[in-house]
1. So if we plug the beta-carbon distance of Arg154 and Asp65 into 1/(1 + (r/R0)^6) with R0 = 25 Å, what FRET efficiency do we get, rounded to 0.05?
2. I'd like the Karplus ³J(HN,Hα) series for the stretch 158-169: coefficients 6.51, -1.76, 1.60, θ = phi - 60°, whole numbers in Hz, and an x wherever there's a Gly or Pro.
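We did not get these values from a lab; they are worked out from the coordinates using the rules stated. These numbers were taken from a predicted model, which means no experiment stands behind them. So basically every Cβ, Gly included, is an ideal-geometry build from the backbone, and we count neighbours across all protein chains shown.
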Amino acid sequence: MTNGNSKNRRRSIRLKGYDYSQAGAYFITICTGGRACLFGEIAGTEMRLNDAGQMAQQCWRAIPDHFPLVELDEFVIMPNHVHGILWIAGVGANNHSPLHSPLPPSRSPQHPRGTSKTIGSVVRGFKIGVTKWMRENHFDGSVWQRNYYEHVIRDDESLNLIRQYILDNPAQWMNDHDNPAVGANNHSPLQDNHSPLQSDGNRKEPR
């Protein structure tokens, strides 16, 4: 039995009161619908992208073209999910940033102001781009899990740990709970045994 107001009662996975257009760094994970392996396969310790995976990679790299205030850091396209660090640049991105230190010089706010700069808008645009290509190539199933996971990166130590976690992700596939052979169910990517964020109080689950 469905209830028309059920959407309003769903538990939010966002930090209450946090402004997700705020300058700083964010760790994002986006999973495919049903954790289906749509983007390729792991061969040894390397990710081998299929055509859909190559398109997902292309769409991720194109994010700054559509959102001028957003810059990319480390990311990886996995068989059934995407991990990436996104930076939102902004004037005065120092004390107002989740990171305690200023943005690195290479990420100084040189871009013009965009029409939308929230993390949710970026993820939505990325999903739409990949889904459009999948539909054009005769895939009619569910491409994405309805929501996504995010973690506000608050210091340089966390930033470096997450970067390494992303780089190591293909090599850790056989221990990854997103691997269907391991069994994901409703598992959060931040709960992986090799995740640097196991004890983070800001852990989220999909709503």
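1. Details: r = 28 Å, r/R0 = 1.12.
Plugging the Cβ-Cβ distance into 1/(1 + (r/R0)^6) gives 0.35.
2. Per residue, the Karplus-derived 3J(HN,Hα) values read 4, 4, 5, 5, 5, 4, 5, 4, 5, 4, 7, 4 Hz.
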